[in-house]
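Here's the structure we're looking at; comments come further down.
The values are calculated or read from the model by the stated rules, or taken from the named source; none is laboratory data. Here the structure is a predicted model, which means the values were calculated and not measured. Counting neighbours? That spans all protein chains shown, and the Cβs are built from the backbone with ideal geometry, glycine included. With ligands, DNA and RNA removed, areas are computed over all heavy atoms of the protein, side chains included. Shrake-Rupley method; radii C 1.70, N 1.55, O 1.52, S 1.80 Å.
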Amino acid sequence: MSTDDLETDLTRKTENSPRELLTRSFFFLCAALSVVTTISIVALLVTEAAKFFTLTAPLMGVTGETASIVDFLTGTTWQIHNKEFGVLALVSATLMITIGSAIIALPLGVATAIYLSEYASKQARSVLKPALEILAGVPTVVYGFFALIYITPAIGVVLPGIGTFNILSASIVVGIMIIPMVASISEDAMSAVPDDLRQAGYGMGATKFDVSTGIVVPAALSGIFSSFILALSRAIGETMAVTVAAGAQAKFLNPLDPSSYLEGALPMTAAMVQLLTGDITGGGLAYRSLFAIGLVLFVITLIMNIISDYVAQRYREAY
Amino acid sequence: MATQSDTDQIQGFGQVSRTTGVIFRYLLMGATMFGIVTLAILLVYVANDAIQPLTADAGWYLVFFVTFVAPTTLVGAYLYRTNVDALKLGLLVVGMLAVTLMFSGGVAIVFVDIVPPLVSLSYAIGLLVPFAAVVLMTKYEDAIPFTARVAATGAIFFLSLFGIPGYYHSIPEMVQKIPVVPTEWVIITLVFGGVVAVVVGQYFARIRENTRAGVVAGVAALAATGAAAVSGMFTGVNPTALAVVAAGAFVPTAAYAGGAALTREEERIGLLLAAVVIGGSLVGAGIVDVLGFAGPQSWVDWQFLTSSHSGTAENAGLYPAIGGSILLMVTVAALSFPLGVGAAVYLEEYAPDNVFTRFIDVNISNLAGVPSVVYGLLGLGVFVTYLGQPTGTVLIGGATLALLILPIVIISSREAIRSVPQDMRQASYGMGATRWQTVKNVVLPEAFPGILTGTILALGRAIGETAPLIMIGAPNVLFNLPTELSSKVSAMPLQVYAWSSLFASEDFYTKAVPAGVVVLLAVLLAMNSVAIVLRNKFESES
């Protein structure tokens, strides 16, 4: 850090001239905007959601219809017209999308990462990596259309009981779109494993298979785990694919029952889009429920991002 | 192990079963290919639905095979075997033509239907005049104190663009009030074509080291633009649009190809590929037209690109959504580029290593993980509810999308800035430069290609976003192009969503939606390929 001190010394005399002050303040404001964004998101979601609940609405000075916070968090029926706001119906659908996409994306993503980091030639890697990036670059509404029009009928050939809107095909496309995220972060972690460890393995007579599964993967485990959490957080927040393909009718389904994946349900994000495309009046109960779901969604994804950061930092093997 | 006999151990010594390793290797390969192959199959399906290649006459295929496919394959194979660099040059020229055609088509939409040429010209002059005044002022940098210069700059720009209502007209108003103005295509040819001609002229003057060559090339470029516009008056195509496309696509591509032919003797043969591709498709189209063979009944056709939504899938079009996406992207770029680069410069060049800096750092990476639908809520809550803006306008749509991609722009700009060697900064500081001078003269120019690549990729993310636009109340159906920042906006992905869920019918599923998907993916492909070409150029230079 001695160079930084040098630069500070060299620029000290000029650092408070009007020009320097002006430019530095501008750059600082740009950086501070990200903090303002976060604060606005939190403040907005909290205040609007507070107006939704019976418990907190008086604090906000809101009179009129409210919903019980206990019913919201434990209810399993989501019917706006009957004023039933049980978010678990939405959470169960989101959970199913997450489980379904995890079953696809996590093994495939890790396998891709092992292949790219341990097996692929430099040339193959230079082709495969951009190709994988395309998977994440296709707009999600396009994925939703693919699921609805091509994948669901294809599954229907094998499983005739499948509905037009179903969790299964939505999970498949969400899984495909988060593969690159798992693969690229895991691959970074595997590439960071020092070659000495691999050489030591080979020196003991281990095969490439032994080295990959016995040395590289365990050494990169924290990075792999953090990629899992980040990708799942992305799957939870995924909106358009599930809105188009997963269904429009909120239903509480059992995520552990495989047959329920053939039914349609309404994940949290899709419910938010549905609330807005339906005719809701600004300021009504349905409008505020939007922010209540948004708060739940934001808190879940934020916690997952923080856990992912923590795991990557805390359990990183330092070499 | 203990039960094995000694002889067994000796026989098996040093031998390892390869089966597991081989199976494992192929499993991994299969896993890597799974997503790519699945997406490829889906793309083939959607392209088949949108373009319907099987509906064309056999004669149509025959003609295009003879005039286009066979010569292209032959030339391509020859170049691949003899001179790969020449092949790359040929592909680059073909790709450049395709991409510039697409983007200049977008610019043409802007000039024809969104901002009339006279209005855009008036604002261009309104910006140029104060800019020239500021440049003049910096010549006398020492005579005027800095604070006075800043105040004067602000005042000049404000007076020029807004005037003083009641007393003094702004420059755009004055320009628009000029009683005698040339027609629109003349304005475009002179201004837009003129700028392109100057650039082309300078390019040729540089490579030929000869001013006259530059002048000739510039005049030729301007003449070509004018000729394209005039030809529009005879064929019934909008001359303004033709002038834009000529100046934005044909002239630059021809200039690049001509420059390459003059300077790169080894690789100029690659231009043959471009000639065969362009000539072959033109000749093929001509023959097909004369012989009356019907092409495929593609749903992605001129009608689809130029008409607005309709209740029947055959007549539905994407035009208002294309125009909306263009305006949104301009707004998003104008907002997110300066803010994102500014934040990146602060974090890399200025920020002291303290708690607040670390907080911003963590905060940005967390913002990148916030679901897009939550950004939509932010736009709805802050811009619509608290600031009282009307729903679904270009401005709040652009602002919401800009906030969404800001973390991505910041992260990629920081990487680009970090890759500038520390030595260059130290050299600048050693010369007595201040921090701002170092940033302006050393860091930003060096990091610019990387920043640009990152921004284009982030814009590619923004152009595919639908959820935030729905949240801020963008209309599902729009029949007119948005003409100003406060008019309602639609966007390509939003239109695709509306067709696939609100107008859900077999007709829309098989016609309008696949066509919309193909157009959206083509635009994304063009943006990403520009970013990749820029990145490769940047990497090979540094």
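Structure notes:
- Under the span-like rule (Cα at least 20 Å along the axis, Kyte-Doolittle mean at least -0.5), DSSP H helices of chain B: B:19-51, B:84-109, B:117-139, B:146-162, B:184-208, B:211-235, B:271-291, B:319-345, B:394-418, B:444-463, B:513-541
- Occluded residues from region A:17-32, i.e. those whose accessible area drops by 50 Å² or more once the chain is not alone (1.4 Å probe): A:Arg19, A:Glu20, A:Phe27, A:Phe28, A:Cys30, A:Ala31
- Dipole of the protein assembly as shown [Lys/Arg +1, Asp/Glu -1 at C-beta], most positive-end residue of B:Ala108, A:Ala292, A:Ala248: B:Ala108
- 21 Å Cα-Cα threshold exceeded, pairs from A:Lys83/B:Lys488; B:Lys139/B:Lys177; A:Lys129/B:Lys511; A:Lys251/B:Lys511; B:Lys488/B:Lys511; A:Lys83/A:Lys251: A:Lys83/B:Lys488; B:Lys139/B:Lys177; A:Lys129/B:Lys511; A:Lys251/B:Lys511; B:Lys488/B:Lys511
- Share of carbon and sulfur in the accessible heavy-atom surface of chain B [1.4 Å probe, %]: 69
- Accessible area (Å², 1.4 Å probe, nearest 10) - B:Asp423: 110
- Span-like helix ranges in chain A, DSSP H, alpha carbon extent 18 angstrom or more, Kyte mean at least -0.5: A:18-50, A:88-114, A:122-137, A:167-191, A:221-237, A:285-314
- Sorting B:Thr55, B:Thr73 by solvent-accessible area of protein heavy atoms yields B:Thr73, B:Thr55, largest first, with a 1.4 Å probe.
- Cβ-Cβ FRET estimate between A:Asp188 and B:Thr211, R0 fixed at 45 Å, reported to 0.05: 0.30
- Subtracting the Cα-Cα distance of B:Gln426 and B:Val362 from 0.36 nm times their residue separation leaves 20.2 nm of extension gain.
- Solvent exposure, largest accessible area first (probe 1.4 Å, DNA, RNA and ligands not counted), of B:Val370, B:Val94: B:Val94, B:Val370
- Peptides A:179-185, A:258-264 ordered by average Cβ neighbours within 10 Å, highest first: A:179-185, A:258-264
- Sites B:Ser486 and B:Arg81 - FRET efficiency at Förster radius 51 Å, r taken between beta-carbons, to 0.05: 0.30
- At R0 = 51 Å, FRET efficiency that the Cβ-Cβ distance of B:Asp142 and B:Val66 yields, to 0.05: 0.10
- Between chain B and chain A, roughly 7100 Å² of accessible surface gets buried, counting both sides and using a 1.4 Å probe.
- Sequence of B:Ser160, B:Ser120 from largest to smallest accessible area, 1.4 Å probe: B:Ser120, B:Ser160
- Residue-count net charge about A:Ser184 - beta-carbon cut-off 11 Å; Lys, Arg +1, Asp, Glu -1: -2
- Trypsin sites (Lys or Arg not before Pro), loop per DSSP, at most 14 other Cβ atoms within 10 Å - longest free stretch of chain A: A:84-319
- Neighbourhood charge, 14 Å Cβ-Cβ cut-off, centred on B:Asp113 and excluding it, Lys, Arg +1 and Asp, Glu -1: -2
- Look at the stretch B:192-201: the mean tally of other chain Cβ atoms within 10 Å of its residues' Cβ atoms is 0.
- Mean per-residue shielding of peptide A:128-134 is 4, counting Cβ atoms of other chains within 10 Å of each Cβ.
- In chain B, excluding the sites themselves, the longest stretch lacking any of the GluC sites (Glu not before Pro) that are in a DSSP loop with at most 12 other Cβ atoms within 10 Å is B:315-483.
- Summed over the residues of chain B and divided among them, the accessible surface reaches 50 Å² per residue at a probe radius of 1.4 Å.
- Averaged over A:37-49, number of beta-carbon atoms from partner chains that fall within 10 Å: 4
- Residues of region B:36-76 with amide N under 14 Å of the 7 Å Cα→Cβ point at B:Glu314: none
- Separation of alpha-carbon centers, region B:463-513 and region B:66-100, rounded to whole Å: 37
- Annotation: amide H of A:Ala67 within the under-5 Å range of A:Phe53, A:Thr54, sequence separation 5 or more or interchain, hydrogens built in the peptide plane.
- With the helix formula -39500 (n - 2.57) applied to DSSP H stretches of n ≥ 4, chain A reaches a computed 222 nm mean residue ellipticity of -21000 deg cm²/dmol.
- Local electrostatic count, B:Ala316, Cβ distance below 13 Å [Lys/Arg +1, Asp/Glu -1]: -2
- Label-point separation, B:Ala285 to A:Leu22 (7 Å along Cα→Cβ), nm: 5.1
- Between amide H atoms placed 1.01 Å from N, distances below 5 Å from A:Trp78 occur with A:Gly86, all of them 5 or more places distant or on a separate chain.
- Diffusion coefficient, µm² s⁻¹, Stokes-Einstein with Kirkwood Rh over alpha-carbon pairs of chain A at 25 °C and 0.890 mPa s: 108
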